[in-house]
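Please treat every number below as a calculation from the coordinates, not as lab data. Source: prediction; values computed, not measured. As a convention, Cβ positions derive from the backbone with ideal geometry for all residues, glycine included, and neighbour counts pool all protein chains shown.
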Amino acid sequence: MIKSDKWIRRMCREHRMIEPFAEKQVREGTISYGVSSYGYDLRIADEFKIFTNINSTRVDPKNFDAKNFVDFKGEVCIVPPNSFALGRSVEYFRIPRDVMTICLGKSTYARCGQILNVTPLEPEWEGHVTLEISNTTPLPAMIYANEGIAQVLFLGSDEVCELSYKDKKGKYQEQRGITLPRL
């Protein structure tokens, strides 16, 4: 069952599920963020890792080379054509044991050819969400820091899971900042 805005507000007040937490949807002059009817629109922070091939390394998820990225901090990140950038959520999440989430990209960015990787946040996972934004266009694309970039949908179960992300000591548990691939 998908969780409502009332449930999200209660969980944030009582259990610090999302920090910082925008209790209402913020829209004016910005790409929206905050509570929506059945989810939460998270913001992207002002720190990015922009993919580059200047070092001519390979992209290997088992042996990832951090030299594949250029670090950037600022209010607007320019993603090169046919490339991608990593960012992180402003918000820190603490997912309850009886909830699974799905994080989806916002349509405002998708309509500009910028696609966000769809990712789950598993039961009892906590941390900043590392976001992968692909620019599928032949033109440079802009990402606005501290504005909405993705929506998190909360899917509740009528029973708690047997093995949570915390129980299995997941490799991305309690991640802070942008986290590169780990093996």
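Can you tell me how many residues within the range 97-113 are among the small types (Gly, Ala, Ser) and in contact (Cβ under 8 Å) with a residue 40 or more places away in the chain?
Step one: of the range 97-113, the residues among the small types (Gly, Ala, Ser) are 105, 107, 110, 113.
Checking which are in contact (Cβ under 8 Å) with a residue 40 or more places away in the chain leaves us with 105.
Matching residues across the range 97-113 total 1.
Taking GLU162, is it closer than 22 Å to SER36 by Cα, among the charged types (D, E, K, R) and either free of Cβ contacts under 8 Å to residues at least 40 places away in the same chain or in contact with a Phe, Trp or Tyr (Cβ under 7 Å, 6 or more places away or on another chain) (or both)? Working first, answer last.
Details: closer than 22 Å to SER36 by Cα: no; among the charged types (D, E, K, R): yes; either free of Cβ contacts under 8 Å to residues at least 40 places away in the same chain or in contact with a Phe, Trp or Tyr (Cβ under 7 Å, 6 or more places away or on another chain) (or both): yes.
No: the conditions fail for GLU162.
Does VAL90 satisfy the condition of being crowded, with 16+ Cβ neighbours inside 10 Å and β-branched (Val, Ile, Thr)? Talk me through it step by step, then tell me what you get.
Values: crowded, with 16+ Cβ neighbours inside 10 Å: yes; β-branched (Val, Ile, Thr): yes.
Yes; evaluated as a whole, the condition is true for this residue.
Could you tell me which of the residues ILE44, ILE8 is touching a strand residue (DSSP E or B) at 6+ places or on another chain (Cβ under 9 Å) and farther than 26 Å from ILE143 by Cα?
Working: ILE44 fails: farther than 26 Å from ILE143 by Cα.
Residue meeting the stated conditions: ILE8.
Could you grab me the full set of residues in the range 96-121 that are on the phi < 0 side of the Ramachandran plot and over 13 Å from the mean Cα position of the chain (by Cα)? Quick ask: steps written out before the conclusion?
In the first step, residues of the range 96-121 are kept if they are on the phi < 0 side of the Ramachandran plot; the result is 96-112, 114-121.
Selection gives PRO96, ARG97, ASP98, VAL99, MET100, SER107, THR108, TYR109, ALA110, ARG111, CYS112, GLN114.
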